[in-house]
Structure formats: C-alpha cells, structure tokens
1. If you average the sequence gap of Cα pairs under 8 Å that are 6 or more apart and divide by the length of segment 6-256, what percent do you get for the contact order?
2. When ranked by the protection proxy of mean other Cβ atoms within 10 Å per residue, highest first, what sequence do the peptides 201-214, 391-404 form?
3. For segment 360-470, what is the relative contact order in percent, using Cα pairs closer than 8 Å and at least 6 residues apart in sequence?
4. Average projected area of the Cα convex hull of segment 1-114, in nm²?
5. Just to check, using Stokes-Einstein with a Kirkwood Rh over alpha carbon pairs, what's the diffusion coefficient of segment 6-256 at 37 °C and 0.692 mPa s in µm²/s?
6. In what sequence do 561, 67, 451 fall when counting other Cβ within 10 Å, fewest first?
7. Going down the list 379/429; 226/552; 429/455; 294/368; 368/453, which pairs span over 18 Å between their C-alpha atoms?
8. Between residue 545 and residue 439, how high is the FRET efficiency from 1/(1 + (r/R0)^6) when r is the Cβ-Cβ distance and R₀ = 25 Å? Nearest 0.05.
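Coordinate-derived values only; no laboratory data. Note that the structure is predicted; figures quoted are calculated from it, not measured. No Cβ is skipped: glycine too gets one built from the backbone with ideal geometry, and neighbour counts run over all protein chains shown.
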Amino acid sequence: MAAEWPEVERAEKEKRRELVLQGVDERLRQCDGHLPPALFSLTLLNYLEVSGCSELRELPADLGRLSHLQSLILCRNKLQSLPPSLEQLRGLKVLDVSGNELEELPAELCNLPELCTLNVSWNRLRELPSGLERCTKLAGLNLSRNMITRLPPGLMSPQLSLLASISAADNLIQELGGEIGHLGALKTLDLSNNQLTEIPYELADCTKLKDINFKGNKLKDKRLEKMVNGCQAKSILEYLRVGGRGGGKGKSKTENAVKEDVKDKKRKQRKAKKDSGGDEEDEEVEEVNKMMLKILHISDNPAALTVSVSASVKDVRPYIVCCVVRGMNLKPGNALKRFLTAQTKLHEDLCDKRTLATIATHDLQRVKGPLLYDARPPKEFKIVPLNRKEINAKELVRQLQFEAEEQRKQKKRQNVSGLHKYLHLLDGKENYPCLVDAENAVVSFPPITNSDKTKIHKSTCDLLLEVTSSSSLQICKDIMDALVAKMAELNKYTLENKEEEVTSDTEPDGGPTQQQPQAGPPAAAEDSAQLVLEQVRVTDADGNLKVLYPSKTDLNLSSSSFSVVR
C-alpha cells in the first residue's frame, strides 16, 4: 500500500511556499525509496527540505518542475546522484546536499545563475564540474570532507567576484594555483588537512582575506608552516607578499633579496646562540609559545562531573559528549565576544547549521552535578532560555514559531534568523531532549537554546562544554576537539594582545547586562595560555560507561602548535 504524505497534501491545499520532510524513512520504504509524485506538483514552493532519510538514494527528473525554488536542502540522506533537471531551477539560491554519497556533481549544476550558496560537504566527490565560473553570484562554497584532489581553475575566475568563503578542509588537494589571487572578495579560506606543500604568493592579492586555515598540510617552507599553525593570517599574507618561499618571487622583493634576508637572519641567530648559550633556550621559548592543554583524569579528580543518559533519548537525540575546561580568560576587551562568535561559526560550519550537532557552553560554577541527559514531553519541562523568562518547552517552540512567521511577514522573505532557524530540527518529535542538573533545572534544550541559569559571563573562567548529536558519537567528539582547540587559540590570543580588562558583560547581541564582580581568573589564565581539561564520564542509567572525554584517542592536535599533557 502506498504511503500517505499528509505534509504534501497540506502544502498543496494551503498553497504553502515551504515544505520540510525529515526522517520519513518508513514512508519511503513503502514507496520503494521514492518521494511522492504529488510533491513535484507543488510549483509554488520556494523552500524545500528533505533530510535525514537513509532510504532516499535518488531524485526524479520531475525535480525540475519546482521552478520557483530558492532553497533546496537535501542533507544527510543517501543520495548517489543529482538529476540533470536541476538546471531548470533557475531561481535557486541555496543548494545543500551535504552528508550524502555523491561521487560526482552534474555539469548542469553550473547553469544556475542565481546560486549563492553551495554545500557539498561530507560526500565522496573526487572533482568539481568545470564551468562553476558561470555561477557568477556564488558567495559561499563548502567542499569539506570529500576526496577532491584539485580545485578547478574556473573556481578561481575573476567572474566569481562575490565569492567570499571557500571551505575545502579534509580533502586530498595537492596544489593551490596562483589564480586564487583573482578572488578579490574572498574573506575566508579553509584548506586544512589536505596535501599542499606550497602556498602561492598570489594569495596576498586577496586583500579582504581575514580567516585562513592551512593547518594539517606538509608545507616545504617550515617558517610558513609555523605561521600557519599559529593562525597569524596577517603575518602569513605579509610573508607571502614579500616573497616567502610559499611560492614565487613575491611582490616587493626579488627572490635573491629574500634569500639574502634569510641568510642574514640566520647569521644573527647563530651569533645570538653563541653569545647566550646555545639551542636549549630557543627550544624552551618555542615550547612556551605552544598552546598548552593539560588533561586531568577522572582518577585524579574526586569531584569529577558525571552525566547519566536515560533510555528515552535513543529515538530523539542519542549522542552526548561533555568536558570541563578551566583557565579561560574572558575578561579582557572583546575576549567574550570572540568566544561567542567562534561558537556561532562552529555551529554554521562544522555543525552544518546544527543539523549534525549542537554545542552548548555553560558557566561551570552555575552547574549543579550530577547531570541527567533526558528526553521529556515538551509540556513537562520548563527552561529559562537565554535572555527570556521561564517557559515550558512546548510554549517556547510555539512562541518561536510565531516570531518566525512575523519575521517572514516583515522582511517578506523565507529566511529567518536566531533560534528560529533550528525549529525544523524538532519536527515530528514527541519528546524533546534536555540536560538537567541535580536541582532538576533544565540547563540545556538542544538544538534550540541554553538556560540563562548557566550563561557565560566575562567573569567565567571554568566552563562545562556539551556537544549533542542525532547522527553519531564520533561527530560529537570531532566537534568537541575543534571547540577545545579554538578555545586554546583564543586564550593564547587574549594573553598575547594584553587588552584592557572590562568589568561589565556583553551579550551576544551587543546589549549590556548587569555588572559582574571582578573575581580574577586562575593563575593558569593569568600567567600562561594553558587550559586544564577535566574528563567527564557519560554513563547509561545502570552506570555503564558510554563515553569518556577526552580519552587517549581524542585531541590528537598538531604537535607543532599544541602541547597536550595527558
């Protein structure tokens, strides 16, 4: 018997512009893995999402009938191909096919004149189609976690004058061409964990470039490699500009002149070593400059925090990893703002807009352990969301849905901002996940919000980190690794830049909050960039260990920039 698709029928009856289908595997099985034909008659749709469906392996040519589509979200399925009829979606602005099994993209993809955002991360692609320069409005491109060996020259064409972000981490890219300098609007470039040996000096022509990541590549120029591992974007560009060995002769000096500068510097270094006593001191200085992470084991911590997981989360959001971090210094200047911005960026990129995982960070002093990770009916638990009054989960979601509709009406567009972007992740859930403390207070409601009770302030120096996912435990661990590494970088940056301390907190939206006491951070934050990580055990209801983070296999960070004491 063919499955019923009430969402499709409702969308047709009410002439809706949006349709979201998530986790509809049971109905797909009844339809031999095919979406209902009626779906492709909804020609008024401008937003379509079909995600989290392990039974969805292909799309029909009828997809091209949805000519008004502006956003097509097809993430976390098992798609093995995309139909050529994709090119008929002439108004498409956003295409997200991340987390599928695609081995190639159709050439017709390059015929989408309005395409602004393309996300093909977490697939099996080995190359990109030629002709992407025809997508002249392309602004954001995510190719991470594929098997791509080269970026096509067309991707670095002057025609792509709006391309501001390229994320191509975790691929097999061996060479970056000098054509990269044609991308005058480029602000973010992530080519970490590839097989690059050189960085072209033409990269310095990208004058708007602020965020660069080349970590995890084996660069021939060891000085440049150190700069890369230290996240010094400005220094990297300047080094390339004056002819560093990243590639070529440079802009303002000849290659011979640069070589002479290097030789002269080495002569001075040798003389200084001779005068001061040799190499040991240099090694000590380099060790001090590393980002330090010390891990405190459960056995050494009698007051270790624990998390118990109830069986009810299995069908809702089953995976959680937690960790305690001590020694963050959020008091000076914009340190807190940088931390919150970094968390938002991780949500957008690695967490794929919270579809893969959600991060929550808490002020440890305001958390009463032990904790329970549970799934409860939305009517039966309350939370004080960030910057809001206490409300039960059902009313909160209803309130956010109302606000989202108001946003759409006022701005006359389909996209919404803030927490409203994540409401669809709860569709079809009878119970909602929540992290509850020993006082039965809900401190986290993933993937929507944290509790105001445990909100981070400038005076916060000890944090509880939480990552949850409906996809896999390994994703939780990978994202926790990235979060800890970013915190170490931020802490080191704060230490080195000597910003003036600010005594009042600043909210993520920039609004002021009440004055906070100037309780100083621990000595670790004052005197060095060291962070102390405390392991957190996550167990099932019977006390059996589910995960311990960080374990010996976690935090295998670049040895040249991090020092992990286990």
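1. With pairs under 8 Å counted, the relative contact order is 9 percent.
2. 201-214, 391-404
3. 45
4. On the way: hull surface 24.9 nm².
Average projection, Cα convex hull of segment 1-114: 6.2 nm².
5. Here the translational diffusion coefficient equals 169 µm²/s.
6. Lowest count first: 67, 561, 451.
7. Result: 226/552; 429/455; 294/368 exceed 18 Å.
8. For R0 = 25 Å, the calculated efficiency reads 0.50.
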